[in-house]
Every structure is written in C-alpha cells, then in structure tokens.
C-alpha cells in the first residue's frame with residue numbers, strides 16, 4: 001500500500017537556524033501522487049502548509065519550501081531560518097488528484113521545537 | 001468564508017457505551033467530507049468519506065459507522081465503544097478531492 005515516512009521527532013533547533021524535515025513516500029496505488037505538508041500549531045487545528053501536484057515542482061509558504069522529487073520519491077520540507085513561532089507538528093501526506101475517495105496517507109508527524 | 005465545526009471538543013466515555021461525534025461545514029455547497037482518526041502515538045488514518053448526502057463509504061473497519069444526513073453534516077457513531085477507539089477524531093472537507101481542510105478535532109478517551 002501507500003506509505004509516508006518522515007523524520008522522527010522531536011527536532012530541536014535554535015531560532016534563525018536552518019531546518020530540514022525529511023519525507024519519503026511510496027505510492028503503489030496512485031499513478032499521479034499529490035504531495036502535501038500539513039501543520040498543527042499548539043492549540044490549533046491541522047492546516048495545509050503547502051502542496052505540490054506536479055513532479056519536479058516546488059511549493060512554498062511562510063518561508064517553508066518543498067520540492068516534489070519523483071526520482072528519489074522525496075518531498076523534504078526546508079526553511080532557511082526558523083522562528084520560535086514555527087514550533088508545531090508537521091505532517092507529510094500523499095494523495096491523489098481528483099479522487100473522490102480523497103484518501104490522504106499521512107506520515108507520523110514530526111514535532112519541531114524552536115528555541116529562542 | 002467556509003467554517004468547519006466539530007462537536008464535542010472532548011469526550012470521556014466508558015467501554016461499551018454509545019458515541020456520536022458531529023461535524024458541520026458552513027460556506028461550501030456539496031463538499032466531499034471525511035473522517036480521520038489518530039491513535040495516541042499513531043498516524044492519521046482515513047475512516048470514511050462521503051461525496052453526497054446519504055452516501056458514505058468505509059475505508060477502515062474499526063467498528064464505527066458514519067452518516068451524512070444533510071449536505072453540511074457528517075456524523076460518526078458507534079453503539080459500543082472499545083478501548084481501542086480512544087484517540088483524536090478529525091473531520092475534513094474538500095472540493096474535487098484535492099487538498100483537504102480539517103476541523104479542530106475531538107479528543108476521545110475511552111475508559
């Protein structure tokens with residue numbers, strides 16, 4: 001079946017340091033996977049951070065970016081300089097364009113802690 | 001603007017008791033609706049999806065059921081709770097099955 005593997009947390013970094021959270025996927029049942037990063041800030045609901053639906057493209061939001069690499073089946077999340085407000089749980093997810101099932105396959109989530 | 005509301009925020013229930021969790025979406029007509037579940041320490045799993053009123057498809061068998069009595073309402077229920085039902089339940093909506101937008105969730109503790 002489909003699966004997503006991401007960096008085991010918690011990941012702890014200092015403010016202004018760079019960040020990478022790794023995500024690799026296996027899409028055995030989806031011909032054209034869409035890839036997503038979701039984030040859950042403390043006390044808030046799960047929200048979409050960024051998405052990429054075409055292999056080779058890059059998505060970006062709030063200073064984060066991720067490139068959909070079909071060759072390495074990866075979708076790593078990066079940020080050049082993190083802020084304390086980036087502390088949250090980040091989920092990588094895999095889905096399929098236009099499928100009514102709307103099934104998203106999530107990774108286990110990575111807790112990010114940013115120290116001032 | 002669209003809003004998604006889940007109720008209750010949290011529940012503590014006894015094993016064997018019934019359960020009903022609700023979700024309403026305002027501001028979107030005929031959305032696709034989804035239920036997800038996350039066990040403590042586990043990952044989010046899709047349980048059900050619905051593309052129209054009265055039609056619900058099961059994705060994972062967990063002795064739970066779901067119904068969509070109105071276009072903007074999605075209900076998750078069971079007549080007998082198990083310890084394994086504990087966790088975090090999320091409702092989500094989408095249009096055309098692409099990115100999904102999640103509600104705030106319900107924390108369920110079964111004792």
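Consider residue B:57 against the criteria (1) at pLDDT 95 or above; (2) not in a loop (DSSP other than H, G, I, E, B): it satisfies all of them except one. Which criterion is unmet?
(1)
A quick yes/no check of all residues on (1) without any contact (Cβ under 8 Å) to a residue 60 or more places away in the chain; (2) within 18 Å of residue A:11 (Cβ to Cβ); (3) within 14 Å of chain B (Cβ to nearest Cβ):
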residue: A:69; (1), (2), (3): yes, no, no
residue: A:74; (1), (2), (3): yes, yes, no
residue: A:80; (1), (2), (3): no, yes, no
residue: A:86; (1), (2), (3): no, yes, no
residue: A:95; (1), (2), (3): no, no, yes
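Give the residue, chosen from A:12, A:24, A:5, that is out of contact with any helix residue (DSSP H, G or I) (no Cβ under 9 Å at 6 or more places or on another chain), within 14 Å of another protein chain (Cβ to nearest Cβ) and under 17 Å from residue A:77 (Cα atoms).
Sole residue among the options that is out of contact with any helix residue (DSSP H, G or I) (no Cβ under 9 Å at 6 or more places or on another chain), within 14 Å of another protein chain (Cβ to nearest Cβ) and under 17 Å from residue A:77 (Cα atoms): A:5.
Would you pick out the residues in segment B:75-105 that are surrounded by 15 or more Cβ atoms within 10 Å (Cβ to Cβ) and over 19 Å from residue A:104 (Cα atoms)?
B:75, B:78, B:81, B:85, B:86
Would you call residue B:35 crowded, with 17+ Cβ neighbours inside 10 Å and at pLDDT 95 or above?
So residue B:35 passes the test.
Looking at (1) over 21 Å from residue B:45 (Cα atoms); (2) crowded, with 17+ Cβ neighbours inside 10 Å, which is the one condition that is false for residue A:15?
(2)
In segment B:16-48, which residues are more than 19 Å from residue A:102 (Cα to Cα), touching a strand residue (DSSP E or B) at 6+ places or on another chain (Cβ under 9 Å) and within 14 Å of chain A (Cβ to nearest Cβ)?
Correct list: B:39, B:40, B:42.
Please work out which residue is surrounded by the most Cβ atoms within 10 Å (Cβ to Cβ), limiting yourself to segment A:37-51 and to residues that are facing another protein chain (nearest Cβ under 9 Å) and under 18 Å from residue A:68 (Cβ atoms).
Per the stated criteria, the residue is A:38.
Restricting attention to segment B:1-24, which residues are at pLDDT below 95 and crowded, with 21+ Cβ neighbours inside 10 Å?
B:4
Going through segment B:63-104 one residue at a time, which ones are part of a loop (DSSP other than H, G, I, E, B) and more than 8 Å from every other protein chain (Cβ to nearest Cβ)?
Result: B:63, B:64, B:71, B:72, B:79, B:80, B:81, B:82, B:86, B:95.
Yes or no: segment A:53-60 includes at least one residue that is within 24 Å of residue B:36 (Cα to Cα), within 14 Å of chain B (Cβ to nearest Cβ) and in contact (Cβ under 8 Å) with a residue 24 or more places away in the chain.
yes
The values are calculated or read from the model by the stated rules, or taken from the named source; none is laboratory data. This is a predicted model, so every value here is computed, not measured. Quick reminder, even Gly has a Cβ in these numbers, built from the backbone with ideal geometry, and neighbours come from all protein chains shown.
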